[in-house]
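Notes for the one structure printed next.
Read-outs: derived from the displayed coordinates by stated rules, not from any lab. Source: prediction; values computed, not measured. Methodologically, a virtual Cβ is constructed for each residue, glycine included, from the backbone with ideal geometry; neighbour enumeration extends over all protein chains shown.
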Amino acid sequence: MLCELRIENLALISSLRLNLETGTGGGLTVMTGETGAGKSIMLRALHMLTGERASTDWIRAGCDSCQVEALFEAAPAHDELLAQLEAQGLGDGQSIIIRRQIMANGKSRLHINGALVTARQAAELTALLLTIAGQHEHQRLLQPARHLDCLDTFGDLWPRREALGGMYRNWKEISDRLTTLRQAERDKEQRRDFLSYQLREIREAAPQPGEDENLAAEKKRLKNAQALIRLTQENLHLFDGEILERLAALRRGMEQIVQLDLEAKPIAEEIGGYTFVAEEHIQSLRHYRDSLESNPHRLEQVTERLDILQQLKRKYGENLAAVLAWAEEAAAELSRIASLDEEIAQLEKEVSARQTELLQAAATLGVQRQRAAARMEAAMERELSSLALAKAVFRVRFQEVTKDTAALKANGWDRPEFFFSANPGEAPRPLAKVASGGELSRLMLAMKCLLAQKDMVETVIFDEVDAGIGGEAAEAVARKIKELSGHHQVVCITHLPQIAARGDLHFRVEKAAKEGRTQSEVRHLNGDERVAELARMLAGRSPSEHTLAWARELLAKG
């Protein structure tokens, strides 16, 4: 239930803190006040917490931001809500604090139990905490697309509907795969020829990883063979002759020194090593020179091979490794094409089996919806009768559809629509075509009362559910709302004294001027204040003694 609501700098409200606990577990909280006093701001604040779009225009003039915060206490038996909170890391207790802040720069932040959440997360979680029935909800009731949701909620059919949705998505995925394979089968000959040509081209070339780099180096060497021979010979001339002779003489001289003094032996050995290394390098350089040759034929071969490899890379990848990977994938796809017929046959069997199960499940759900519709008709007529519509007729009619997979959707193929007649002798017609404002308000209230018995939502917010209602109907609506508050927390923004008199908590919203600025304030009414407010609602600002007595009588009855 909604325990506390705090608002700061929202529209005409500067600062507000409302305690909404009635101490009864459910209870009815009423909000009254003159038109334009700011009652709708309360509703706007609650909509903000549900993740709906917000505007910077809502920020009180002269302020940088506005903020709404609410404290909810979840029932211990509300397993779905508590499980969602725990799964999303938003707490594992029953206390839930939701906070929304809107900044003047257009940014908005939503927190649940201190954790930053998305608008979608907030919408999903608050849908389990409260439901708001206002003019927008009235319009939704007129939309046939919403009627299936109401029927499934009434009939406790959501688990079966979700199971059917899972079966449908599974069948659709396999069917789409089969369609793709059948298209591939039609194209497979052309595709097979194309892949075979590509694979043959790569395999005939037989590229090796790194081959192009090695050949590029060889090509460079062959193109520059004459220059390399000349440069190598010049370097050999530097070593040949005097350098080698001097190194040999140096080695012999050191050997003589060693014969006279052994302490010079390490130096002699090191110098001798230099000479041997020099001789080895000269030998290596000679071998390198001898390996060089000007070979135009080999250069032509290497150039042609590089052209072939370059052509492969242009077609199949930026390097030879990518070309070889392309060949592997082409070979794998050719293998799949070869087994395509077998795979299609297997998928056809699977699709057929899943389709049979799906159609059976949809048919079963359809029968259950028909039965639920009959129960709903009777239940709605009882509710409407208690709302001064004793002769009303409520019907759930199903659109005729061909019950095959073409008409099937994830929620089944049933398309119910609500029909209504308020007067005897008149045939029921679609809600959008027959319901007046007062009748629509009572239809909404009846539906909310009916569905409230089926869901775990503890808090129901009514925004002027009394629109277009007076007299006996007003008294009936007041009784029904009070009845609903016996097992749900109900918050009702109302202009009807009959409803206001039955409130366990009564708040009056009024405008006041402070420091030259207009702001909305909310006062908790008790005793004579409630009498005065009811009298104002009954007869205006100057009530007579008779009106005051009537107000006291309403409070006594409430």
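Evaluating 6.51 cos²θ - 1.76 cosθ + 1.60 at θ = phi - 60° for every residue in the stretch 208-223, the Karplus couplings come out as 10, x, x, 4, 5, 5, 5, 5, 4, 5, 5, 4, 4, 5, 5, 5 Hz, glycine and proline recorded as x. For Asp466, nonlocal amide neighbours, meaning residues 5 or more places apart or on other chains whose placed amide H falls under 5 Å from its own, are His495.
Just to confirm a number: summing +1 for Lys and Arg and -1 for Asp and Glu over residues other than Cys66 whose beta-carbon lies under 15 angstrom from that of Cys66, what do you get? Before the final figure, lay out each step's value.
Details: positive: Arg6, Arg17, Arg44, Arg53, Arg60, Arg99, Arg100, Lys107, Arg109; negative: Glu8, Glu52, Asp57, Asp64, Glu69.
Once all neighbours under 15 Å are counted, the net charge is +4.
Using a cutoff of 8 angstrom between alpha carbon atoms and counting only pairs six or more residues apart, the relative contact order for the stretch 1-141 works out to 25 percent.
Maximal additional length on extending the Glu342-Asn295 stretch stands at 11.3 nm, based on 0.36 nm per residue less the C-alpha distance.
Each Cα pair under 8 Å and six or more residues apart adds its sequence gap; the mean of these over the residue count of the stretch 206-335 is a relative contact order of 39 percent.
Shape class for the stretch 502-558, computed from the alpha carbon gyration tensor (a ≥ b ≥ c): oblate, with a/c not under 1.5 and a/b at or below b/c. Here the relative contact order of the chain, from alpha carbon pairs under 8 Å that lie six or more residues apart, stands at 23 percent. With a cut-off of at most 15 other beta carbons within 10 Å, and DSSP calling the residue loop, which chymotrypsin sites (Phe, Trp or Tyr not before Pro) in the stretch 454-558 qualify? Please list them. Sites meeting the loop and neighbour criteria: none at all.
Length gained on full extension, Asp149 to Gln208: 14.9 nm, using 0.36 nm per residue less the C-alpha separation. For Ile132, the residues whose modelled amide H falls within less than 5 Å of its own, excluding neighbours fewer than 5 places apart on the same chain, are Ile461. With the simple spin-label model, which puts each label point 7 Å out from Cα in the Cβ direction, the Ile229 to Ala123 separation comes to 8.2 nm.
Which order results if Asp212, Asp156 are arranged by neighbouring Cβ count within 10 Å, fewest first? Don't jump to the answer; show the numbers that get you there.
Working: Asp212 20, Asp156 12.
Fewest to most other Cβ atoms nearby, the residues stand as Asp156, Asp212.
The calculated FRET efficiency for the pair Asp404 and Gln453, based on their C-beta separation and a Förster distance of 41 Å, comes to about 0.70.
Shape index of the stretch 206-335: Rg/Rh, with Rg the Cα radius of gyration and Rh the Kirkwood radius from the inverse mean 1/r over Cα pairs, equals 1.32. Here the Karplus curve 6.51 cos²θ - 1.76 cosθ + 1.60, taken at θ = phi - 60°, turns the phi angles of the stretch 461-468 into couplings of 10, 10, 10, 6, 5, 8, 4, x Hz, with x standing for Gly and Pro. In order along the stretch 475-490, the phi-based Karplus estimate (6.51 cos²θ - 1.76 cosθ + 1.60, θ = phi - 60°) of 3J(HN,Hα) comes to 4, 5, 4, 4, 4, 5, 5, 5, 4, 4, 6, x, 10, 9, 7, 10 Hz; Gly and Pro are listed as x.
Give, as a single signed number, the net charge of other residues whose beta carbon lies under 14 Å from the beta carbon of Gln101, with Lys and Arg counted +1 and Asp and Glu -1. Display every interim value, and only then the final one.
Details: positive: Arg6, Arg60, Arg99, Arg100, Lys107, Arg109; negative: Glu8, Asp64, Glu69.
Result for the neighbourhood of Gln101: +3.
Beyond 14 Å, the tail of the calculated P(r) for the stretch 128-176 holds 67 percent of the Cα pairs. Taking the Cβ-Cβ separation of Asn19 and Ala513 as r and a Förster radius of 30 Å, what is the calculated FRET efficiency to the nearest 0.05? In this case the efficiency is close to 0.70. I'd like the distance separating the alpha-carbon centroids of the stretch 305-379 and the stretch 84-120, in whole Å. So the separation of the two Cα centres works out to 40 Å. Across the stretch 188-202, no residue has a backbone nitrogen under 16 Å from the label position 7 Å along the beta-carbon direction of Ala321.
Only the Cβ atoms of Lys and Arg (+1) and of Asp and Glu (-1) were treated as charged; on that basis the dipole of the chain about its Cα centre amounts to roughly 2580 debye.
Here the label points at His237 and Ala331, each 7 Å from Cα along the C-beta direction, are separated by 5.5 nm in the simple model.
At a Förster distance of 60 Å, what's the computed FRET efficiency of Met103 paired with Glu218, Cβ-Cβ distance as r, to 0.05?
Values: r = 68 Å, r/R0 = 1.13.
Here the calculated transfer efficiency is 0.30.
Give the residue list of trypsin sites (Lys or Arg not before Pro) in the stretch 1-105 that are DSSP loop and have at most 10 other beta-carbon atoms within 10 angstrom. Answer by residue number: Arg53. By how many degrees, between 0 and 90 and to the nearest 10, does the Cα long axis of helix 545-557 differ from the longest principal axis of the chain? Relative to the chain, helix 545-557 is tipped by roughly 60 degrees. Matching the structure-derived log10 I(q)/I(0) by the Debye sum over Cα atoms at q = 0.06, 0.07, 0.12 Å⁻¹ against the labelled list (1) -0.52, -0.71, -1.23; (2) -0.57, -0.65, -1.20; (3) -0.31, -0.43, -1.20 gives the label (2).
With each label modelled as a point 7 angstrom along the Cα→C-beta vector, the His111-Leu262 pair spans 8.9 nm.
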